[in-house]
Amino acid sequence: MERLQKVIAQAGITSRRKAEQLITEGKVKVNGSIVTELGTKVDVSQDEVIVNGVPLEKEEPVYFLLYKPTGVISSVKDDKQRKVVTDYIEAEQRIYPIGRLDYDTSGLILLTNDGEFANTLMHPKYNISKTYIAKIEGIPDRQIVRKLERGIMLDDRKTAPAKAKVIKSDRKKGTSIVELTIHEGRNRQVRRMFEAVGHPVIKLKREQYGFLNLQGLNAGEYRELKPHEVKQLRELGK
Ligand code: URA
């Protein structure tokens, strides 16, 4: 979703300032209604914007799956000039990530210009499963694994039931690889869950998002989602 004045300015009709003026003067309609509020957000792939009686062309909705490398921000721009996820994708549309992965987490992230789709997938009721592979310090025992699965108190709220499985442990180095599947998307959730049970994360990768995985992609590579995948994602929350 983007601010209405920005969308109008970027359509090349006029400057940002003039766009603001057109909005406050009541010359802009969104989905049939006059909008005079400057902060109004619109979805460039879904909403019908008409300026002075002339409709702006809607962007074609696009959907991408990126294998985000570590050291990349899940955003469209960064104040400190660090790399952002949209740097990896060649698209004419104004795409943005659906949710986020930490700067130091790699793995699967979706990007789109379809705000309705993005909002739907991020809605808590959707409960899409996300599978992470974590390299952690130490070797967790059965009790720790059960604790992770049953829920951990984070910010006074228990995490929802999860699935955890120790894939392997290196006794010499004192590290383990654990697969953890969660259904929420709280801030730094996986890192905080492991931290809470005394096994800080050394490395983290999101390997799966719902039925989607990283098959065929290397870090930094992406592909478009197939229409049936988009449809299937939309149906997950129904
Ligand atoms: N959990 C985390 O701790 N980090 C992520 O990037 C995603 C989930």
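The values are calculated or read from the model by the stated rules, or taken from the named source; none is laboratory data. Computed from a predicted structure; not experimentally measured. Virtual Cβ from ideal backbone geometry, glycine too; neighbours counted across all protein chains shown. The accessibility values were calculated without ligands, DNA or RNA, using every heavy atom of the protein model including side chains. Shrake-Rupley method; radii C 1.70, N 1.55, O 1.52, S 1.80 Å.
Fully extending the segment from Asn187 to Glu37, taken as 0.36 nm per residue of separation minus the present Cα-Cα distance, adds 50.9 nm.
Counting other Cβ atoms within 10 Å, keep those with at most 16, restrict to DSSP loop, and tell me which GluC sites (Glu not before Pro) in the stretch 18-111 are left.
The qualifying sites are Glu25, Glu37, Glu48, Glu57, Glu90, Glu92.
Of the trypsin sites (Lys or Arg not before Pro) in the stretch 105-192, the ones in a loop by DSSP (not H, G, I, E or B) with at most 11 other beta carbons within 10 Å are Arg171, Lys172, Lys173. When the solvent-accessible area of the stretch 129-209 is split by element, carbon and sulfur atoms take up 46 percent of it, the probe being 1.4 Å.
Between Lys6 and Glu195, the FRET efficiency estimated from the beta carbon spacing at R0 = 41 angstrom works out to 0.60.
If the segment from Asp104 to Glu149 were pulled out straight at 0.36 nm per residue, it would be longer than the present Cα-Cα gap by 13.8 nm. Note on Ser15 and Glu48: with the Förster distance fixed at 25 Å, the Cβ-Cβ geometry gives a FRET efficiency of about 0.65.
Of the cross-linked pairs Lys6/Lys41; Lys168/Lys205; Lys29/Lys231; Lys165/Lys205, those separated by over 18 Å at the C-alpha level are Lys29/Lys231. If you take the square roots of the eigenvalues of the alpha-carbon gyration tensor of the chain and sort them as a ≥ b ≥ c, do you get rounded (a/c under 1.5), prolate (a/b over b/c) or oblate? Prolate is the answer for the chain, as a/c is 1.5 or above and a/b outweighs b/c. Taking the helices alone, the chain has a mean residue ellipticity at 222 nm of -6000 deg cm²/dmol, built from -39,500 (n - 2.57) per DSSP H run of at least 4 residues and averaged over all its residues. Using a probe radius of 1.4 angstrom, the carbon and sulfur fraction of the accessible surface of the stretch 2-55 is 45%. Taking the inverse of the mean 1/r over every pair of distinct Cα atoms in the stretch 129-209 gives a Kirkwood hydrodynamic radius of 12.4 Å. Spin-label model, Arg94 to Phe211: label points 7 Å out along the Cα-to-beta-carbon direction sit 3.3 nm apart. Taking 0.36 nm per residue of separation and subtracting the Cα-Cα distance, full extension of the segment from Arg157 to Glu221 would add 19.4 nm.
Note that the chain presents 56 Å² accessible area per residue, ligands and nucleic acids not counted, probe 1.4 Å.
The trypsin sites (Lys or Arg not before Pro) found in the stretch 37-86 that occupy coil by DSSP, while having at most 15 further C-beta atoms within 10 Å, are Lys58, Lys77, Lys80, Arg82, Lys83.
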